[in-house]
Amino acid sequence: MAWAAGADYDVLVVGGGIVGLSTAWALGRERPGLRVAVLEKETRVAAHQTGHNSGVIHSGVYYRPGSLKARYAVAGAAAMVKFCAEYGLPCEVTGKLIVATSQAELPRLAALAERGRANGIPVRELTASQIGEYEPAVAGLAALHVATTGICDFTEVARGYARLATEAGAELHTGCEVLAVDRRADAVTVHTADGRELRCAVLVNCAGLHSDRVAELAGDDPGVRIVPFRGEYYELRPAARGLVRGLVYPVPDPAFPFLGVHLTRGIHGDVHVGPNAVPALAREGYDWRTVQPGELARTLAFPGTRQLARRHWRYECGELHRSLSKRAFTRAVRRLLPGVRAEDLVRAGAGVRAQAVARDGALLDDFAFAGFDPADPHSPRRTVHVLNAPSPAATASLPIGREIARRALAALAAGGS
């Protein structure tokens, strides 16, 4: 029985990426018989962030102890490895190196080691000579070896979630874009591009690159804006893949949420190099040719975008230079991998990160939820929004899905009162 009189569904999940599909599966596990549907505007699941990432199962070493990212990444990494093993999906726990290439990076590397230990992650501190035990072609002054990092195919994982969710009773509607949302005291009605009107008791927004817009359609102020950043990758040509055995990362800049140009051997044997991070000219702008003037104007008009640009323009100039110049990109890679040549690097795919930015220009560092909050009696009823879930959301998708399901079920219990 539906929790809202005359509703088609108890819970509608907007977004068929890895987080939305994990949520749908969690709802079916927690409440068998619940009427759940997932609405995905593309003709396939995992079409955007999920299907355009590096496939790394992150350990949680980078994230502030006690934060949602730290807790969910550590738990999610273990759960992801177990999930892949249980369902026969390709997965390997490779470990990774985080390498300092300058004296200025050594204190930050030491701080990362302490952060990792605080998060319960085993790390080994390496001298320059010990780096070669793991990566003979990599150069650096010192490094951390993080044993719990792994690789998998997150598109296959998302498809697995979709299959399990539908087996638990959920419906999956692809090619079903949400155009409008009518929220009333008794239910929420979603209007889709193919002319359907779907009524539900609770709407869950896992729309990723469009999550702020879906929140606004539902009548909630997200308080943030999704500013899309494109991550552009090269890959090593087959003859050069032997330069990299596993995963090699630089010491990240603590002022920016991106991890820098790194080396990633994928689960299918390819080796990706990157990404650099540049502003995308559309929310689904996977290259410089893709421009959506309306989206771009809206992004530029947001006060947080201007504040962000003022704060980080020097960093972004470097990223733009590496985007437009293969020679500059190659120089950045050689800091870690001195033997790589420009001709070893071949353009590969790109991804777009849905980065939430506050009105003051601050980049949201942690996962962020909005809408109904069981701890806040004054929070909006009938909606749950995931407003910031970039990397490591794929790694953490199982615990994130459980958390969103918990909030959605609490919203169902609270009803429209």
Task: Relative contact order (percent, whole number), the chain, Cα cutoff 8 Å, 6+ residue spacing - done: 23 percent
- [ ] Compute the long axis of helix 68-86 from its Cα atoms, compare it with the longest principal axis of the Cα atoms of the chain, and write down the angle in degrees, 0 to 90, nearest 10.
- [x] 90 degrees
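What translational diffusion coefficient, in µm²/s and rounded to a whole number, does the Stokes-Einstein relation yield for segment 225-358 at 20 °C and a viscosity of 1.002 mPa s, taking the hydrodynamic radius as the Kirkwood radius over Cα pairs? Before the final figure, lay out each step's value.
Numbers: Rh = 15.6 Å.
It comes out at roughly 137 µm²/s.
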Task: Separation of the residue 64 and residue 163 label points, Cα + 7 Å toward Cβ, nm - done: 4.0 nm
Open item on the list: Need one number: nm distance between label points at residue 410 and residue 375, each 7 Å from Cα along Cα→Cβ, rounded to one decimal.
Closed with: 0.8 nm
TODO: State, to one decimal in nm, how far the label point of residue 185 lies from the label point of residue 328, with both points 7 Å from Cα in the Cβ direction.
DONE: 5.8 nm
Open item on the list: Test of understanding: what is the full-extension gain from residue 365 to residue 133, defined as 0.36 nm times their sequence separation minus their Cα-Cα distance?
Closed with: 80.2 nm
Open item on the list: Using the Cα atoms of the chain, I'd like the radius of gyration and the largest Cα-Cα distance, Dmax, both in angstrom.
Closed with: 21.5, 69
Task: Value at 222 nm in deg cm²/dmol, rounded to 500, when DSSP H runs of n ≥ 4 in the chain each add -39,500 (n - 2.57) - done: -10000 deg cm²/dmol
Open item on the list: Using the Karplus curve 6.51 cos²θ - 1.76 cosθ + 1.60 with θ = phi - 60°, what ³J(HN,Hα) values do you get for each residue of segment 99-115, in whole Hz, with x for Gly and Pro?
Closed with: 10, 8, 10, 9, 4, 4, 7, 4, x, 5, 5, 4, 5, 5, 4, 5, 5
Open item on the list: On a straight-distance basis, which lysines could pair with residue 82 in a cross-link, Cα separation under 27 angstrom, same-chain partners fewer than 8 positions away excluded?
Closed with: 69, 96
TODO: May I ask you to evaluate 6.51 cos²θ - 1.76 cosθ + 1.60, the Karplus curve with θ = phi - 60°, for each residue of segment 339-351 and list the ³J(HN,Hα) values in order in whole Hz, giving x for glycine and proline?
DONE: x, 6, 10, 4, 6, 7, 9, 10, 4, 10, x, 9, x
Task: Length gained when the stretch residue 93-residue 317 is fully extended (0.36 nm per residue, less Cα-Cα span) - done: 77.1 nm
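Can you give the local net charge around residue 405? Use residues other than it whose beta-carbon is closer than 9 angstrom to its beta-carbon, Lys and Arg +1, Asp and Glu -1.
Values: positive: 29, 31, 402, 406, 407; negative: 30, 403.
Net of charged neighbours comes to +3.
For segment 128-214, what ratio Rg/Rh do Cα atoms give with a Kirkwood hydrodynamic radius? Show your work: numbers first, answer last.
Numbers: Rg = 22.6 Å, Rh = 17.7 Å.
That ratio equals 1.28.
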- [ ] Please work out the FRET efficiency for the pair residue 347 and residue 30, using the Cβ-Cβ distance as r and a Förster radius of 35 Å; give the result to the nearest 0.05.
- [x] 0.20
Open item on the list: Can you give me the orientation-averaged projected area of the convex hull built on the Cα atoms of segment 1-120, in nm²?
Closed with: 10.6 nm²
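Values in this text are rule-based calculations from the coordinates and carry no lab data. Here the structure is a predicted model, which is why all the values come from computation and not from measurement. Note that we place each Cβ from the backbone using ideal geometry, even for glycine, and neighbour counts take in every protein chain shown.
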